[in-house]
1. Please get the size of the charge dipole for the chain, origin at its Cα centre, with Cβ charges of +1 on Lys and Arg and -1 on Asp and Glu, quoted in debye to the nearest 20.
2. What distance in nm separates the two pseudo spin-label positions at SER32 and PHE73, each 7 Å out from Cα along the beta-carbon direction?
3. Between beta-carbons, use under 9 Å as the cut-off and find the net charge around ASP89, counting Lys and Arg +1, Asp and Glu -1.
4. Gap in Å between the Cα centre of segment 87-116 and the Cα centre of segment 25-74?
5. Could you work out the local net charge near SER25, counting Lys and Arg as +1, Asp and Glu as -1, over the other residues with Cβ closer than 11 Å to its Cβ?
6. So what is the relative contact order for the chain, in percent, with contacts set as C-alpha pairs under 8 Å and at least six apart?
7. Tell me, what is the FRET efficiency for GLN81 and LEU107 to the nearest 0.05, using R0 = 25 angstrom and their Cβ-Cβ distance as r?
8. Tally Lys and Arg at +1 and Asp and Glu at -1 over the other residues with C-beta under 15 Å from the C-beta of ARG50: what net charge comes out?
Amino acid sequence: QVQVKESGGGLVQAGRSLRLSCAASGNIVSVSNMAWHRQAPGKQRELVARITTGGGTYYHDSVKGRFTISRDFAKKTVHLQMNSLKPEDTRVYYCDVFLLQTASDYLTNYWGQGTQVTVSS
């Protein structure tokens, strides 16, 4: 079995910082791309940031210069450092990973349950 679990969400004032973490565990051989998405009630989920196995990164325009995605291969974790937070960053943030499980020949996509980030003005 594989588990993907986020942590680090919470309530913060505008202008402050939060660091989200996501850890994958279980019968995993290797982890490929890892990403963070976010979703507001009644809105579509959007890709916030992605990091590849080669270290390439993508950021949504709205978070460029404020958010930084990083990963720890050994710990199978991905982090999202969020600085200069704005009220419009209030969303549920989800972790998404592609990984290779033992006894499998292909990558499988797993999502975490989400963590709430609330930014007050």
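The values are calculated or read from the model by the stated rules, or taken from the named source; none is laboratory data. Quick caveat: nothing in here was measured; it's all calculated off a predicted structure. Cβ atoms come from the backbone with ideal geometry, glycine included; neighbour counts cover every protein chain shown. Heads up: the accessible areas ignore ligands, DNA and RNA and are worked out on the full protein's heavy atoms, side chains in. Shrake-Rupley method; radii C 1.70, N 1.55, O 1.52, S 1.80 Å.
1. Its charge dipole is roughly 280 debye.
2. Once both label points are built, they end up 1.6 nm from each other.
3. On the way: positive: ARG38, ARG66, LYS86, ARG91; negative: GLU88.
Combined, the nearby Lys, Arg, Asp and Glu give +3.
4. 8
5. Numbers: positive: LYS5, LYS75, LYS76; negative: none.
Here the charged neighbours net out to +3.
6. Values: 301 pairs, mean separation 43.4, N = 121.
That works out to 36 percent.
7. Values: r = 26 Å, r/R0 = 1.04.
Approximately 0.45, to the nearest 0.05.
8. Numbers: positive: ARG38, ARG45, LYS64, ARG71; negative: GLU46, ASP61, ASP96.
Cβ neighbours under 15 Å give a net charge of +1.
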